[in-house]
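Enquirer: I'd like to ask some things about the structure below.
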Amino acid sequence: MRKYLYIMFLLMLVGCTQQQNSYRKSVGRIFGTYYAVTYQSDEDLQTGIEQVLNGINSTFSTFDSSSIISKINRNVDVKINEDFVTVYNTAVRVSKQTNGAFDITVAPLVNLWGFGYDPKHNRTQGEIDSIMLYVGYDKISLKDSMIVKNNPLTCLDASAIAKGYACDAVAEYLKKNNINNFLIDIGGELSVMGKNPKGDNWVIGISKAIEDSTQTNSELERTLFITNKSIATSGNYRQYYITKERKVSHTIDPRTGYPTNHRLLSATVLASSCMLADAYATSMMVIGDTIQIDNMVKSSSNTLEWFLIVADSANVHHEVYSEGFKQYLR
C-alpha cells in the first residue's frame, strides 16, 4: 500500500512539474494586426492579455471613434489616462533627441499621402505647406491631464510607438503574474524574457528587405539570439505604392512633409523597452543616413543597439550595425 501511494505521489509530482513547465500560446488580432504571446505558465492568461491590449487599443486606435486619441483629434475635451501620459512623454523625449524625425503629430501628413485613418489622394505643394503649419510636437502640450493644441487642426498618430508600448504593457502583466519566460509579438514588435521552451535564448529573425506589398515574403536576413530585450523593426519595403513619378513610402518625414526617399530599407533596434525600440526604429527610417543615425544614438540618453539594411547605387543590399549588436547575431 505504501509503495502504491509512493508511486502515485511521484506521478502527481511529475504531472505538476510538467504542467508548471508547459508553454502556452495566446493569439489574436489587435491594432489591425496579429498578436502572439508565448509564455511558461500553468494558468491560461488569455483573458488578462486581451484586457491589457483592448485597453491600449481604446486609448490609441485612430480607427475607433470612441478612443481617447480619436476624441483628441476631433477636439473633444477628454482626460488622458496613464497609458497616454507614458506614451506622450516618451514620444516628446524621442522627438527632441531625434530633432523632430519622430513626431506623433504627423497624422495629417500620413493621411495626406494615403496611409492613415483618413486617406487623401490629391496632394499639392500648397496643401503640404498649409499642413506643415500645424504639424510639430512643439505645437501640443500636456496640462491638467489633457492634451492642449496650439491649432485645432493638429492631429495625433501614435502608431509608430503604441505597438511597442503594448508589448511593454503585456510584459508587465505577465511579470506581475510571476511569468519569467515569455515572448510577446505584436505585429512584429517583440519583447522577450527568460528562455524559450528548449531552455535557450529566444530566436528572432530579421526579414530580408525585399519589396513585397503583399507582406507574405518570409525570407530572413539574419537570426538573433536574445533574452530580456525588446526589438522593433521599421522598413520601407512592404507598405508603399507606385505612382508615375516615384515609389511612395509609408514613412513620412514630419520635418519636410514628404515621404522619405533614401537608400535605407530597414532599421531594427534593440532596447530595454519596446516602446523606445519602436519609436527609434521609425526615427532611423526617417533620418536615413547611417552616420547621422550613429551620432543620434550616441547623443541620446538611451542604450540602443541597431541593425540597418542599406541599398547601394546598384541596389545591392548591405548590413550596417552598431558594435554592440554583434553579440546577438548568429
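Enquirer: Could you put 234, 95 in order, starting from the residue whose Cβ has the fewest other Cβ atoms within 10 Å?
Expert: Placing the least packed residue first, the sequence is 95, 234.
Enquirer: Once both labels are modelled 7 Å past Cα along the beta-carbon direction, what's the residue 151-residue 47 spacing in nm?
Expert: Taking the simple label geometry, residue 151 and residue 47 are separated by 4.8 nm.
Enquirer: Fully extended, how many nm does the chain gain between residue 178 and residue 96 (0.36 nm per residue separation, minus their Cα-Cα distance)?
Expert: 25.9 nm
Enquirer: Additional query: Can you tell me the length gained on complete extension of the stretch residue 36 to residue 320, counting 0.36 nm per residue apart and subtracting the Cα distance?
Expert: 99.3 nm
Enquirer: Follow-up. For a quick size check, give me the Cα extents of the chain along its three principal axes, largest first, whole Å.
Expert: On the principal axes, the chain reaches 90, 52, 37 Å in Cα extent.
Enquirer: For the chain, return all DSSP H helices satisfying: extent of Cα atoms along own axis at least 15 Å; mean Kyte-Doolittle hydropathy at least -0.5.
Expert: Correct list, ordered by number: 2-20, 46-60, 82-97, 162-176, 274-287.
Enquirer: Name the residue farthest towards the positive end of the dipole of the chain from the options 191, 125, 252, assuming +1 on Cβ of Lys and Arg, -1 on Cβ of Asp and Glu, about the Cα centre.
Expert: So the residue furthest toward the plus end is 191.
Enquirer: Looking only at 165, 35, 173, which one moves most when the chain is put into a Gaussian network model with springs between Cα atoms under 10 Å?
Expert: Top of the fluctuation ranking is 173.
Enquirer: Go ahead and estimate [θ] at 222 nm for the chain from helices alone: -39,500 (n - 2.57) per DSSP H run with n ≥ 4, summed, over the residue count, rounded to 500.
Expert: Calculated at 222 nm, the ellipticity per residue is -10500 deg cm²/dmol.
Coordinate-derived values only; no laboratory data. These numbers come from a predicted model, not from an experiment. Cβ: placed from backbone, ideal geometry, glycine included. Neighbour counts: every protein chain shown.
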